[in-house]
Amino acid sequence: MPEFERRCRSLLSSLGLCQPGDVHTIRRLSGGVASDIAAVSFANQTVCVKFALEKLKVQEDWFAPEHRGQAEFAWLQAAGCVVAEAVPTLYGWSDAENGFAMEFLDSPDIHLWKTELLNGGKDSGEAAAVADTLGRIHAASTATDFDRSAFDNSADFESLRLEPYLRFTARHHADIAASLNTLADQLAASRQVLIHGDISPKNILLRNTRPVILDAECATMGDPSFDVAFALNHLIIKSFHLPQSRSNLQQAILQFWKHYAVHVCWEEVRELELRTTRLLPALMLARIDGKSPVEYLSTDTQDCVRECALALIRHPHDTLAQLLESDPMKTTS
């Protein structure tokens, strides 16, 4: 029996969901680079099982600790206590197989946010809904009774986010390397809120127009600006890819910030926005010259994003509105 199939059967058995011999279908799921995922069917039920990979499926050598799945499971539990509908139902964690089982989300009313955006769909409140959910989770994690014990994951965050995105990119841009490494150092030192670390449209399903957030393998106590900038970066890059949707996507960015900012109770909103505007162009550049480049951009569009990002890094702005109205953003229209 192949090892992956054995692990799937063993995991479900260890969680008491079924016996190994009861499984009749195991279907690998695509879309991620950091995990092995499958839809496993038994009796009249299908569940999703997930195991973190040691070596990520990208061109560059990119390794990460396999135990990070525990942080993801813990994030899903914590987030579910704040916004229950924002996460799938969890069926349990298996120490023996270092993986977990959760609800398999597959119905006509469920759509991937990334697909909707790439198809040029008009934002109809999805960005605001994601921002509202994220803001609630961030705010809840600042409560004095919030249990942080599962989220002391700064080393994992370094290997999964700071090194492949910021420090790797810095090595390819000597003139701004100091700025990128300073951003990375500041992010590494922060323990403000529980961050997801991968707030991306590819990890967000829309169920009856409400977001369901997946793939929290990078979860740690950290700087909230990372989650915000990471999410907005995807919207900005798609505005380069889809110039006909640029105005709509820029409005979605402003709506995202508006609906997120109302939940900021742990610091001055303007300070958080300032850090976000500094980090955002660095992440734009990282998705071109880092270890995880955007897969759908043409060479010409990559060049446009790179030039814009470099200009914004060298001449930063204090607010998102100023950034969107800046000359580098306009010259790419």
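The values are calculated or read from the model by the stated rules, or taken from the named source; none is laboratory data. Computed from a predicted model, the values in this text were never measured in an experiment. So basically every Cβ, Gly included, is an ideal-geometry build from the backbone, and we count neighbours across all protein chains shown. Side chains are part of the model used for accessible areas, which takes the heavy atoms of the whole protein and leaves out ligands, DNA and RNA. Shrake-Rupley method; radii C 1.70, N 1.55, O 1.52, S 1.80 Å.
In table form, for the structure just shown:
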{"item": "Estimated distance in nm for a label pair at N181 and R27, the labels positioned 7 Å out from Cα along Cα-to-Cβ", "result": "4.9 nm"}
{"item": "Rounded accessible area of E158 (nearest 10 Å², 1.4 Å probe)", "result": "50 Å²"}
{"item": "5 angstrom amide H check on G99, placed H, neighbours 5+ away", "result": "S94"}
{"item": "Tensor-based shape of region 169-271 (alpha-carbon gyration tensor, a/c under 1.5 rounded, otherwise prolate or oblate)", "result": "oblate"}
{"item": "Pairwise label distance in nanometres, A189 with Y296, each label 7 Å out on the Cα-Cβ vector", "result": "3.8 nm"}
{"item": "Region 287-300 - phi-based ³J(HN,Hα) in whole Hz, Karplus 6.51/-1.76/1.60, Gly and Pro as x", "result": "7, 9, 10, x, 7, 10, x, 4, 8, 9, 8, 6, 4, 5"}
{"item": "FRET efficiency, 1/(1 + (r/R0)^6) with R0 30 Å, evaluated for Q77 and F4 via beta carbons", "result": "0.75"}
{"item": "Whether region 179-333 is rounded, prolate or oblate, judged on the alpha carbon gyration tensor where a/c under 1.5 counts as rounded", "result": "rounded"}
{"item": "Loop sites in region 203-267: chymotrypsin sites (Phe, Trp or Tyr not before Pro), DSSP, at most 14 other Cβ within 10 Å", "result": "W266"}
{"item": "Integer Hz, Karplus 6.51/-1.76/1.60 couplings in order for region 182-199, x for Gly and Pro", "result": "5, 4, 4, 5, 5, 5, 5, 7, 7, 9, 5, 9, 7, 9, 7, x, 8, 6"}
{"item": "√(5λ) per eigenvalue of the Cα gyration tensor, region 65-219, largest first, Å", "result": "27, 21, 16"}
{"item": "Additional length obtainable on full extension of the chain from T209 to I110, 0.36 nm per residue less Cα span", "result": "34.8 nm"}
{"item": "Largest-first ordering by accessible area, 1.4 Å probe, given options H317, H24", "result": "H24, H317"}
{"item": "CD proxy at 222 nm, helix term only [per DSSP H run n ≥ 4: -39500 (n - 2.57); per residue of the chain; nearest 500]", "result": "-13500 deg cm²/dmol"}
{"item": "Cα centroid separation, region 169-239 to region 264-333 (Å)", "result": "12 Å"}
{"item": "Hz values of 3J(HN,Hα) by residue in region 109-119 - Karplus curve (6.51, -1.76, 1.60), Gly and Pro given as x", "result": "8, 10, 9, 7, 4, 4, 4, 4, 5, 5, 7"}
{"item": "Rg and Dmax [Cα atoms of the chain; Å; Rg one decimal, Dmax integer]", "result": "19.7, 62"}
{"item": "Cross-link pairs beyond the 21 Å C-alpha cut-off, checked among K291/K330; K50/K202; K238/K291; K114/K330; K50/K122", "result": "K291/K330; K114/K330; K50/K122"}
{"item": "Spin-label model distance (nm) - A321 vs N98, 7 Å beyond Cα toward Cβ", "result": "4.9 nm"}
